[in-house]
1. Quick one: in region 200-213, of everything that is within 16 Å of the ligand (Cβ to nearest atom) and hydroxyl-bearing (S, T, Y), which residue is farthest from D160 (Cα to Cα)?
2. Can you name the residue in region 94-105 that is farther than 17 Å from G47 by Cβ and in a helix (DSSP H, G or I) and is also most open to solvent (accessible area, probe 1.4 Å) among such residues?
3. Is it fair to say T203 is modelled with pLDDT of 95 or more and open to solvent by 10 Å² or more (accessible area, probe 1.4 Å)?
4. I'm trying to understand the selection: among the residues of region 1-44, which are of a type in the set (A, V, I, L, M), touching a residue at least 60 places away in the same chain (Cβ under 8 Å), surrounded by 22 or more Cβ atoms within 10 Å (Cβ to Cβ) and assigned to a helix (DSSP H, G or I)?
5. Mind listing whichever residues of region 211-249 are without any contact (Cβ under 8 Å) to a residue 12 or more places away in the chain and under 17 Å from L45 (Cα atoms)?
6. All but one of (1) in contact (Cβ under 8 Å) with a residue 60 or more places away in the chain; (2) in a helix (DSSP H, G or I); (3) open to solvent by 10 Å² or more (accessible area, probe 1.4 Å) hold for S59, so report the exception by its number.
7. Cβ contacts < 7 Å: first residue assigned to a helix (DSSP H, G or I), restricted to region 250-266; second residue open to solvent by 70 Å² or more (accessible area, probe 1.4 Å), any location; separation 6+ or different chain. Result?
Amino acid sequence: MNNRKPVTLHRLREMRAAGEKIAVLTCYDAAFARVLDDAGVESLLVGDSLGMVLQGRASTIPVTIEEMAYHTDCVARGNRTAWIIADMPFGSYQESAEVAMRNAALLMQQGAHMVKIEGGGWIAPTVRFLVDRGVPVCAHLGFTPQSVHALGGYRVQGRDETGARVLHRHAEELAAAGAELLVLELVPAALARELTQALSIATIGIGAGAGCSGQVLVLHDMLGVTGGEPRRFVKNFLDGSAGVDDAVRKYVADVKGGRFPDDAVHGF
Ligand code: KIV
């Protein structure tokens, strides 16, 4: 068991300001929530990646708000001190800010401390609407899995100058709208580092290099149980570890010590 006080938004802000890396993992149930929290993971992301990881679907698109609410409740029951972020699934926030608020309320009532929304500047008014009503928001830019078909597959985003400039503008708009965290997925390491230095909020990278304020991986990927060829930015921490608990502790230590990710191995 860890001895820390519950992780708050204030603590996450302090960590960013102090340059202390934030260790995040996805989590979908109470048993793993207990293991991850005890091992010192600062934030548990109830990701809609559960559609692929737990349900065996081809994308996150079919995941419903009811499924997200169920898994958020499970994670909240196993957790003691970590900051819980719950993904708003496809279709639960695009229609209007009011619909987004109703769905965010459902996730917060199940134990989320923050909700995560994918998309660029077009969701900034929704972010503002939620933040003004007491819902902390994590934005998600770069490769946004709910838009996999629109983006033409799993591709690194912001590779050229125009793409990088657009990403930068979206990030500024989301931060100005009150987003408190920003997930950057599949973004060149140099661009993610530049964004992290330019923004006043913490960035959490996945396939975005070592320059982010923190890192997130899909739990099943870092335990090597997803199957198939692991993607470049993933490391199997169970390999050579004494067990799941040890693997998660190594992940936390490597993120906090700046040893994971290694841009030469995991970066774009
Ligand atoms: O759903 C998820 O697991 C995510 C991470 C990939 C950041 O959004």
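The values are calculated or read from the model by the stated rules, or taken from the named source; none is laboratory data. Only a predicted model underlies this, so the values are computations on that prediction, with no experimental measurement involved. Cβ atoms come from the backbone with ideal geometry, glycine included; neighbour counts cover every protein chain shown. Surface areas here come from the heavy atoms of the whole protein model, side chains and all, with no ligands, DNA or RNA. Shrake-Rupley method; radii C 1.70, N 1.55, O 1.52, S 1.80 Å.
1. S213
2. R102
3. On the way: modelled with pLDDT of 95 or more: yes; open to solvent by 10 Å² or more (accessible area, probe 1.4 Å): no.
No, not satisfied.
4. Passing the criteria: L12, L36.
5. Across region 211-249, there are no qualifying residues.
6. (2)
7. H266/R232; H266/K235
So that you can scan it fast, the table gives a plain yes or no per residue for (1) of a type outside the set (A, V, I, L, M); (2) within 24 Å of C27 (Cβ to Cβ); (3) surrounded by fewer than 19 Cβ atoms within 10 Å (Cβ to Cβ); (4) more than 14 Å from the ligand (Cβ to nearest atom):
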| site | (1), (2), (3), (4) |
| --- | --- |
| A176 | no, no, yes, yes |
| L186 | no, yes, no, no |
| A198 | no, no, yes, yes |
| L219 | no, yes, no, no |
| M222 | no, yes, no, no |
| D254 | yes, yes, yes, yes |
| V265 | no, no, yes, yes |
